[in-house]
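Taking it in order: structure first as C-alpha cells, then the write-up.
Every number here is computed from the coordinates shown, using simple stated rules; none is lab data. Remember, predicted model here, so these are calculated numbers, not experimental data. For neighbour counting, all protein chains shown are included, and Cβ atoms are generated from backbone atoms with ideal geometry for every residue, glycine included.
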Amino acid sequence: MPLALNKSGRKARNSYTRSSAPTKKEGRRRERRSGGGLLGFFKKLRAFSGLKSLAAVVVLLGGLGLILAGVCYSSLWLYSKATTSDFFTTRHVDVTGNVRLSRDMVLQYAGIHEGDNSLAVSIGNVERNLRQTPWVEEASVKRLLPDRFVIRLKERLPTFWVHKDGVLYYANTRGDIIAPVESKNFLSLPTLSVEPGAEDDVPYLMRLIKSMQSGVLPVEIGAVSSVTVSPGKGIEIYLEDRELRLSIATDDWDGNLSRLSLTMGDLARRHELRNVREIRSVNGNVWVLLNQPA
C-alpha cells in the first residue's frame, strides 16, 4: 500500500497500522467487555483453587481430629489397663530418715499400702500428706517402677516439753510445739517455760543447746530437768540430780557463758561443786550461792 507523505516533511504515519492496532484505552475497554481477559480468567481460576484448598484443609483437619481422638482413646485404654495390672502392684516401700515415727505410721500418714497399684499413687499427694503431719519437716517420695517406692524424711526433733492449756507437748529448740506427748512416742525431755516479758530471749535457747552439745558448757543435756526463760535471770537451767541452778544473762551471752563455764570447771577441780546450789553469770560477774549448812 502506498505511503502518503505530508508537505511538512515529517514522517507519515502508517495508515494501516493506525487503523488496525487498538490504542491502550480501546484495549482496556475490550477487556472489560470480554470479562477482564486473561486477568479475569486467572482471578476466577485462583478463586476456584482457593475453594479446593479450603475443602482440602477441612478434610485434613477432620482427619487429624479422628487421629487425635484415636490417640486419646488408646491412651485412656492403656492407662486403665496399666492401673489395674498386677505387674504394677506395690510390693516394696522403703522408708529412711524416720526417728520418732515407725514405718507403719509413715505409711499410714502417706496413704501408701503394699498391694496398691503403683501407677495410681499420686506422688504430690503423698508428699503433701507427710508434710502435714506434725513430726515431718521435709519429705520426698520416689517411684521405682514397677513395684517400689522410696520415702525419705526429715523429722522435727523434739528438745523440750511444753505445757499448754493443760496438755504436755513436745517442742523444738525454738520452743515451737510439735505434737502432744503420748505413751507410744514417749521421750523424757527437760520442761521449758517462758515467763512473760522474756519472749525476746527465746532465740538463745538454740545457742544454749549448741553450747552443751559442743562442750562449751560442761553440762549434759540429758541431765537438765527444766529450762526457764526469765526477764530477770536470762536463761536458767535446773539440774535435778545435783539440785543446781545455772543462769546466764543474755545481754552479753558469749562472755557470760564463758565465765560460767570457767567457774564451774574451777569448782569441779576443787571438788566444791557439790556444795553449790546456784551459779549466776550476769553483768560481767559470776555469783556462786552455796548450800545452807544442815
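Couple of notes before you dig in:
- All positions within the stretch 168-195 that are over 20 Å from Val229 (Cβ atoms) and in a strand (DSSP E or B): Ala179, Pro180
- Test: residue in the stretch 253-267 that is of a type in the set (Lys, Arg), in contact (Cβ under 8 Å) with a residue 12 or more places away in the chain, closer than 24 Å to Pro158 by Cβ and surrounded by fewer than 20 Cβ atoms within 10 Å (Cβ to Cβ): no
- Residues of the stretch 133-165 satisfying the condition of being in a strand (DSSP E or B) and closer than 26 Å to Thr89 by Cα: Ala139, Ser140, Val141, Lys142, Arg143, Leu144, Arg148, Phe149, Val150, Ile151, Arg152, Leu153
- Scanning the stretch 196-208 for residues that are out of contact with any strand residue (DSSP E or B) (no Cβ under 7 Å at 6 or more places or on another chain) and in a loop (DSSP other than H, G, I, E, B) turns up Pro196, Gly197, Pro203.
- Scanning the stretch 83-132 for residues that are assigned to a helix (DSSP H, G or I) and among the β-branched types (Val, Ile, Thr) returns Val106, Ile123, Val126.
- Matching residues, the stretch 235-245, being touching an Asp or Glu at 6+ places or on another chain (Cβ under 8 Å), surrounded by fewer than 22 Cβ atoms within 10 Å (Cβ to Cβ) and within 20 Å of Val194 (Cβ to Cβ): Arg245
- Residue within the stretch 181-201 that is of a type in the set (Val, Ile, Thr) and in contact (Cβ under 8 Å) with a residue 40 or more places away in the chain present: no
- When residues of the stretch 260-283 are limited to those that are of a type in the set (A, V, I, L, M, F, W, C) and not in a helix (DSSP H, G or I), the one farthest from the chain's Cα centre (by Cα): Val276
- Residue that is surrounded by the fewest Cβ atoms within 10 Å (Cβ to Cβ), among those in the stretch 128-147 that are closer than 11 Å to Ile112 by Cβ and not β-branched (Val, Ile, Thr): Arg143
- Matching entry among Val229, Val219 (being farther than 22 Å from His163 by Cα and in contact with a Leu (Cβ under 8 Å, 6 or more places away or on another chain)): Val219
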